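Here is the structure we will look at, set down as structure tokens.
Coordinate-derived values only; no laboratory data. No experiment lies behind these values; they were computed from the predicted model shown. Ideal geometry is used to build each Cβ from the backbone, glycine not excepted, and the neighbour counts take in all protein chains shown.
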Amino acid sequence: MTQHKLANPGPLGLLGFGMTTILLNVHNAGLIPLSIMIIAMGVALGGLAQLIAGIFEMKQGNTFAGTAFIAYGAFWWSLVIIWTLAPEGLAADKIAMGYYLSVWGLFTAFMFIGTLTHNRTTQVVFGSLTVLFALLALGDFLHNPQITVIAGIVGIFCGASAFYSAVAQIINGEHGKTIFPL
């Protein structure tokens, strides 16, 4: 029986998260309007790619990464549904979105605790994501667009840190040595 080496699904999930997070937060920072480009990234790369990566992480026995990628992939799909499919009278207002983002922030804060056994880059991703969710929720609860702009800047940093982690894992793996430290 031949053993097949399984690829590391982590970089795919991190790219799905990172690239989509960067684009959404370029919007939150007030640089571009919300458009189909962000919605499509949320469905395809943020949602589907992370779900696929999460399933493969679970298959390899990695509960933390599997849970993270599947949960955040579902986050992107749920966010797109909230934006695009709400029946008349059921659209989420700012207060409802504040609670939605708070629950995701709570989940992320607990996941951050899990990263304390991981590399520094993973800690930065989850730490900055926790701050991002807190700021987004606060901006919605207070109806304060300036807080959302600050959240956008934090979100760009968070997404870029996930993007860096993905690229570092790919390049380090291809070269068989550390070129980009994690």
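If you go through the range 137-148 one residue at a time, do you hit one that is part of a helix (DSSP H, G or I), of a type in the set (Val, Ile, Thr) and free of Cβ contacts under 8 Å to residues at least 60 places away in the same chain? If you could, list the steps in order and put the result at the bottom.
Residues of the range 137-148 part of a helix (DSSP H, G or I): 137-141, 145-148.
Narrowing the set further to residues that are of a type in the set (Val, Ile, Thr) leaves 147-148.
Now restrict to residues that are free of Cβ contacts under 8 Å to residues at least 60 places away in the same chain: 147.
Scanning the range 137-148 turns up at least one residue that is part of a helix (DSSP H, G or I), of a type in the set (Val, Ile, Thr) and free of Cβ contacts under 8 Å to residues at least 60 places away in the same chain.
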Could you tell me whether any residue of the range 25-35 is crowded, with 22+ Cβ neighbours inside 10 Å and of a type outside the set (Phe, Trp, Tyr)? yes
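Sort through THR2, THR21 and tell me the only one that's surrounded by 22 or more Cβ atoms within 10 Å (Cβ to Cβ), of a type in the set (Ser, Thr, Tyr) and either out of contact with any Pro (no Cβ under 9 Å at 6 or more places or on another chain) or under 27 Å from ILE147 (Cβ atoms) (or both).
Unique residue meeting the criteria: THR21.
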Quick check: anything in the range 28-45 in contact with a Leu (Cβ under 8 Å, 6 or more places away or on another chain) and touching a residue at least 60 places away in the same chain (Cβ under 8 Å)? yes
Among the aromatic types (Phe, Trp, Tyr) and surrounded by fewer than 18 Cβ atoms within 10 Å (Cβ to Cβ) - does that describe any residue in the range 135-150? yes
